[in-house]
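The values are calculated or read from the model by the stated rules, or taken from the named source; none is laboratory data. No experiment lies behind these values; they were computed from the predicted model shown. Every residue, glycine among them, receives a Cβ derived from its backbone with ideal geometry; neighbour counts consider all protein chains shown.
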Amino acid sequence: MAPGCGTLAGLGRALRLSKLAAGPPLDLAIIGGGINGCGIAEEAAARGLRVALFEADDFGFGTTWRSTKLIHGGLRYLEHGDVRLVFESLRERAWLLKTRPYLVKPQRFVLPILPWTRRPAWQLRLGLAAYDLLSLYRGVPKHSRLDDSRLHNLAPYLPAETRGGFTFYDARVIAPERLALELALEARAQGAFIANHARVTRIAVDSGKVNGLEVEHGGTLHLIPANAVVNAAGPWVDAVNALGDLPSTQLLGVTRGAHIVIPRPDGFDRDAIFSTAREDGRVFFMVPQEDLLLIGTTDDRYDGAPADIRPTSADIDYLLAEARNLMPGTGLRRDQVLYAYAGLRPLQKVSGGPEAAISRRHEVIEHTRRGGAAGMYSVVGGKLSTFRPLAGEVVGRLHPAQKRAPREEPIAPGWADTLRASGLPLPVKQHLRIHGPAIADVIAAGREIICGHAHAISGEVLHAARAEQVETLSDIMLRRTGISWSSCRGLCCHEAVARLAGEVLGWDAAAREAQVRAFEADVAYHLPAEDMLVP
């Protein structure tokens, strides 16, 4: 069953699409529901524009969902002299820590000085001091020097030949896919039309100007009129531009990053590791996530189809080898890899040079300046942490007279009090923080624990089905509840979740079975266990 077919939600969506098709042109139509597309939609709606967003799969499905889950200023970008990007990223880090502390939290990193560390200690200290200064000392403590003894106390698993190091702070986002979702829902609350599982099949151009989009949902095509279109499809930007009378010039220079997840080893506490890979000098992270450890990442150029991206056996060999270099006493084995995943970085196209040197800055491309259609824009590059300035630039270009006051107040000021008063077990409370402004509604919907590995409750499923635009079981398991990021990957409870969600979404027995099988296929492809990797 195709998403959106036969459910009440799908029928309602089809009716709204028909009304959009018959109505006046949108001020802005957005293609792509990742962090950038959702950020643009929220910004445009907040400025009072008539806006719609269309996502072919689900919110956060592409790059956003498969990142290293860090909201960082980009310490390594200082090495390439990109001070402006670092300053902007650190400003946005402070803003996210202030406004969404339930999703974005400070993370202390240990930076060890190893025999293969390519910078001397004095250069590292200078870089960290500059990092602190550029942050204006907002949101997190400043860096500190570690002698051998203190380093060993913090990270006893590091090699014996480690010679001190540093600690510094950045931030991590617990569930980046929910950050994108929140922006989409906030845009919806301000009047935007937001559609996932709605694939753009054609960009309509007439007399050299964009005038709308053809959108497929539930097997039906809808021609939606629009005065401007922004292509924020991430790794699919070039493919989307091919859907209209647009320049054929390739805009993207895509790189891929793979990660593995293992049980958090004994002795690996709350501190993350920021280091360089022994083999090639790439930046290397090990980030604790509750009882798991996220290890990554690779950085290789990629010219294949975005839909084909998945981790390989070679990725696992590389990541395991580098993890063993940092944790030689843990006896890390290949069969300890719970799962792996890989994502794409939709960066600006650059010929030659190392992948790490490609700028992470965003670029907003106005197609009419490259011989293309008026009213058409594409977004390339950018970072998870800088969606807000990107969105402001896009909407400011289109409608410079439309302003908005900066949003500085916390999004969900009572979230921690709600959790404290809930009476739920501590692991459940820790898990539920990802729901932020919806925590009270989630708990009210149902308190039964449905996954002991993820500490998830029934209310998460029911609330997602009722209020968060889910159309598939994978939407719920992978991008609403975080269940599939746990050690079981959601395969211990997905049938129960399908029954629960199906009561709201109107799935009969055949539809539930189809959803279960589709979810199993998604997990096998996107979050493969060690023994299911491709060569």
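The single condition from (1) in contact (Cβ under 8 Å) with a residue 40 or more places away in the chain; (2) surrounded by fewer than 21 Cβ atoms within 10 Å (Cβ to Cβ) that E216 fails is (1). Taking region 132-170 as the range and being part of a helix (DSSP H, G or I) and touching an Asp or Glu at 6+ places or on another chain (Cβ under 9 Å) as the test, only L154 passes. Scanning region 87-113 for residues that are among the hydrophobic types (A, V, I, L, M, F, W, C) and out of contact with any helix residue (DSSP H, G or I) (no Cβ under 8 Å at 6 or more places or on another chain) turns up A94, L97, F109. Within region 164-189, if we keep just the residues that are basic (K, R) and touching a strand residue (DSSP E or B) at 6+ places or on another chain (Cβ under 7 Å), the residue that is nearest to A272 (Cα to Cα) turns out to be R172.
Within the group I483, I439, I443, which residue is in contact with a strand residue (DSSP E or B) (Cβ under 9 Å, 6 or more places away or on another chain), surrounded by 22 or more Cβ atoms within 10 Å (Cβ to Cβ) and over 27 Å from L338 (Cα atoms)? Talk me through it step by step, then tell me what you get.
Working: I483 fails: over 27 Å from L338 (Cα atoms); I439 fails: in contact with a strand residue (DSSP E or B) (Cβ under 9 Å, 6 or more places away or on another chain).
I443 is the lone residue from the list that is in contact with a strand residue (DSSP E or B) (Cβ under 9 Å, 6 or more places away or on another chain), surrounded by 22 or more Cβ atoms within 10 Å (Cβ to Cβ) and over 27 Å from L338 (Cα atoms).
Among the residues of region 273-292, those that are of a type in the set (A, V, I, L, M), within 19 Å of Y169 (Cβ to Cβ) and in contact with a Lys or Arg (Cβ under 8 Å, 6 or more places away or on another chain) comprise V283, V287.
Applying the set (1) closer than 24 Å to I174 by Cβ; (2) touching a residue at least 40 places away in the same chain (Cβ under 8 Å); (3) assigned to a helix (DSSP H, G or I) to E409 leaves exactly one unmet item: (3). The sole residue among I411, I365 that is under 27 Å from I31 (Cα atoms) and touching a Lys or Arg at 6+ places or on another chain (Cβ under 7 Å) is I411.
Once region 109-132 is narrowed to residues that are buried (at least 18 other Cβ atoms within 10 Å of the Cβ) and under 13 Å from R145 (Cα atoms), the residue that is nearest to the chain's Cα centre (by Cα) is F109.
Among the residues of region 281-293, is there at least one that is among the β-branched types (V, I, T) and either in contact with a Pro (Cβ under 8 Å, 6 or more places away or on another chain) or at pLDDT below 95 (or both)? Let's see the steps before the verdict.
Filtering region 281-293 down to residues among the β-branched types (V, I, T) leaves 283, 287.
Subset that is either in contact with a Pro (Cβ under 8 Å, 6 or more places away or on another chain) or at pLDDT below 95 (or both): 283.
Yes, region 281-293 contains at least one residue that is among the β-branched types (V, I, T) and either in contact with a Pro (Cβ under 8 Å, 6 or more places away or on another chain) or at pLDDT below 95 (or both).
Pairing each residue of region 181-207 that is closer than 14 Å to R16 by Cβ with any residue that is crowded, with 22+ Cβ neighbours inside 10 Å and basic (K, R), provided the two are 6+ apart or on different chains, yields C-beta distances under 9 Å for A195/R13; H197/R13; A198/R13.
Does region 236-258 contain any residue that is within 19 Å of the chain's Cα centre (by Cα) and part of a helix (DSSP H, G or I)? For region 236-258, residues within 19 Å of the chain's Cα centre (by Cα) and part of a helix (DSSP H, G or I): present.
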